[in-house]
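Just so it is clear, none of the values below were taken in a lab; they were calculated from the coordinates. Remember, it's a predicted structure, so these values are computed and weren't measured experimentally. We place every Cβ from the backbone using ideal geometry, glycine too, and count neighbours over all the protein chains shown.
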Amino acid sequence: MEMSCLWTRRLLLGANSVLLVKHPAIAFSTLAATRSIQPSPLISLFPSSRRSLSTTTAACSPPLHPHSDIGNGAVNAAVAAAIPLESPKMLLKGMSYTELEKWVQSYGFRPGQAMMLWKRLYGNGIWAHHVDELQGLNKDFVKMLGEHAKFKALSLENILTASDGTRKILFRLDDGLVIETVVIPCDRGRTTVCVSSQVGCAMNCQFCFTGRMGLKRHLSTAEIVEQAVFAQRLLTHEVGSFTNVVFMGMGEPLQNIDSVIKAADIMVHDQGLHFSPRKVTVSTSGLVPQLKRFLHESNCALAVSLNATTDEVRNWIMPINRKYNLGLLLQTLREELGLKNSYKVLFEYVMLDGVNDSVDDAYRLIDLVQGIPCKINLIQFNPHCGSLFRPTSTEKMIKFRNILAEAKCVVFMRYSKGDDQMAACGQLGKPGAIQTPLIRVPEQFKMAVNA
C-alpha cells in the first residue's frame, strides 16, 4: 500500500509527549473515518483531557538532550525535530457524502469533484474499485486519490449459485474473516440483496444457523455498503438492476446501529445507489432502545423478527425476549409508529412445526398486533445441520395465513430461496468447532423437536 508522509512535531511536557500534526486532511480523516478504519496509533487528536498524552512507541521518540529536565515533572518547552509519519489511506465507502465532500476539500479540491467521485463509486453503473476506473476526473484529483484513498473494503472469495437462481457471495475481510451476502432475483422484476451487519451473531436464536457462530465482530459502514456495491458490480449483468436491500444477513443489525444507520443513509442517497427508503429494510430481533433510535433517525423500513406469540416460547427460541419481552416490544411499536405517517412495520414469523404454528398461535398473533400498522411475513423454516426444528407443512401455513387474512391482517407467505446452497433465511455463516450452546427445550415441546 502506497503511503503518504505526514510531518509532526513532538511537544514534550514532563514525562508525556504530544504530537502536533501538520497535514491538510488529518484532522478530518481521523474524525470522520474512525468507524471505517483503525486510525494509526501514532496519531491522536486528544478529544478528552483524561486521555494519555502519549500514544507513540519508544522507537519513534526523539533522543532526549543529556541535560534535559524532561521527566522530572517540570513542564519543558523543548520541541523535537520534525518526524515523518505515515498516514493510512482513507476508505471512501465509510464516508457519507457530506464527509466525502469535506475530505476532498481538505486536499484543496472543489466540492464538485466530490460529487463526480461519489457518482463513480455508487452511480452511473461504474461502481469504481480503482483509480483507473475514474475516467473524466481531474488528473491531479485522481493522483491524490491514488495516494490517499482506498476503494475496496472487501475481496471476493466465492459465488455459489442455487438451483432457483439465488446467489450466495462469500466476501473476505481485511482481517481474514468471511461474511456472506445473498442476491435474490425475482420473476416480477425485483432483485433483492441481503447484506450482513456482523460477523456471526450474539442473539443465539435457536432456529438460526448464524447464531451458532456467536459474535466475532461488527462490520464497519464501508464493509456493509461494499456488499451492495460489489454485488451489483458482479451480478447486475446477469440478474438486472437491484431494487431492494434487506439487512437480514449475518448478525443483529441494531446491535451495530451506528454503522447500519450510516450505511443505509449512503444506500438511499439520490446521487448514488439511490434505493428508495421504503425498499431498504433493517431487521431486528427486538432490541427496544435501538429500535426506538432507528425509528427516530432513519426513514428506512423496519422489520421485527417476532416468531412466537407467548413469552414462554419466545424466551426459548429468542433469548433476547428475556430482556425485552413481547409486551414491551409491541407497546413500544404502538407508541412509536403512532408518531409516524404511512409507516408499517414488517413482522417476520418463522414457522416451526409443533412450536409456534397452532390455530391458537394464529389467534394470539392477531391480538398481539392490534393497533400496530403492520404487515406479516410467514416464513418457511430452513433446516440446517444441528437444527432441532422442522418446517411447518405448506398446508398448515396456508391455514394459519387464512386465519390472519380473515381478521383483516396484511399477510404474505415466504417460501425458501437458495436453501440448496445454504443461502436461505437463517442458513448463513460457518460455525467453528466451538459453538454457542443450545438452550434447554421446554418440557411441552420436547415431543415436537424430537419427532
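Taking a ≥ b ≥ c as the square roots of the Cα gyration tensor eigenvalues, with a/c under 1.5 meaning rounded and otherwise prolate when a/b beats b/c, else oblate, which class fits region 91-150? Cα axes put region 91-150 in the rounded bin.
Here the extension length gained between His237 and Glu147 equals 29.3 nm, from 0.36 nm per residue of separation less the Cα-Cα distance. The trypsin sites (Lys or Arg not before Pro) of region 176-280 that meet both conditions, a loop assignment by DSSP and at most 12 other Cβ atoms within 10 Å of the site Cβ, are Arg188. By the rule of a C-alpha distance below 20 Å, with chain neighbours fewer than 8 residues away ignored, the lysines paired with Lys323 are Lys292. Highest-first packing order for the peptide set 378-391, 436-449 is 378-391, 436-449, based on the mean count of other beta carbon atoms within 10 Å. Using the Kirkwood radius over C-alpha pairs as Rh, can you work out the diffusion coefficient of region 155-450 via Stokes-Einstein at 20 °C, viscosity 1.002 mPa s, in µm² per second? D, rounded to a whole number, is 111 µm²/s.
Given their separation in residues at 0.36 nm each and the Cα-Cα distance between them, Ile403 and Thr310 gain 31.7 nm when the chain is fully extended. Packing, as the average of other Cβ atoms within 10 Å across residues, places the peptides 218-224, 318-324 in the order 218-224, 318-324, highest first.
In nanometres, what is the gap between the two model label sites at Ser342 and Phe412, each 7 Å from Cα along Cα-to-Cβ? Roughly 1.8 nm, to one decimal. How high is the relative contact order of region 163-225, given as a whole-number percent (alpha carbon pairs under 8 Å, six or more residues apart)? So the answer I get is 22 percent. Of all beta bridges that DSSP places with both ends in region 338-442, some 10 percent have antiparallel geometry. Of the peptides 121-128, 358-365, the ranking by mean beta-carbon count within 10 Å, highest at the top, reads 121-128, 358-365.
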